[in-house]
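The values are calculated or read from the model by the stated rules, or taken from the named source; none is laboratory data. Owing to the predicted nature of the structure, the values given are computational and were not obtained by experimental measurement. When we count neighbours, we look across all protein chains shown, and the Cβ atoms used for this are built from the backbone with ideal geometry, even at glycine. Keep in mind that these areas ignore ligands, DNA and RNA; they rest on the heavy atoms of the full protein, side chains included. Shrake-Rupley method; radii C 1.70, N 1.55, O 1.52, S 1.80 Å.
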Amino acid sequence: MIEYQAVMTRPEHLKASGLKAKEVNSVLDALAAVIEPVQFTFLWRPSLRDPDDDMVLEAAVNGQADAIVTFNILNFDIVAADFGIEVLVPGETWQRLKARR
């Protein structure tokens, strides 16, 4: 959550989203209210090209996630598939969620 806040409130990301930091923090607060903490029982490092992304893969594997949602699909897709985890871009995820309603 700390990394999400740090990245999402960068000036260039606020400008691209058209949101204010307060609005981003409200979304993150709502997300924090519904997420479930993941206990790490296995570490899978190093697995990805970018070592900073390994913790995301580890959280997904240990949390038994169905998918990782990211714009950074190239760093995840092959390795995540080895764990049965789909890698989706946000727009595709949004479309799937809308279709489920």
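When you count the other C-beta atoms within 10 angstrom of each residue and take the mean per peptide, 52-61, 21-30 line up highest first as 52-61, 21-30. Three principal axis extents describe the C-alpha atoms of the range 44-101; from largest down they are 38, 20, 16 Å.
If you fit an axis through the alpha-carbon atoms of helix 90-100 and take the longest principal axis of the Cα set of the chain, what angle between them do you get, 0 to 90°, nearest 10? Compared with the principal axis, the helix lies near 90 degrees. For the chain, the 222 nm mean residue ellipticity estimated from helices alone, with every DSSP H stretch of n ≥ 4 adding -39500 (n - 2.57) and the total spread over all residues, rounds to -15000 deg cm²/dmol. Based on C-alpha pairs under 8 angstrom that are at least 6 apart in sequence, the chain has a relative contact order of 17 percent. Surface composition of the range 1-97: carbon and sulfur atoms hold 60% of the protein heavy-atom accessible area at a 1.4 Å probe. Surface analysis of the chain yields an accessible area of 76 Å² per residue, using protein heavy atoms and a 1.4 Å probe. Rounded to two decimals, the Cα-based Rg/Rh of the chain, with Kirkwood Rh, is 0.97. For the chain, a Gaussian network of Cα nodes joined below 10 Å ranks D50, D77, D66 by mean-square fluctuation, and the top entry is D50.
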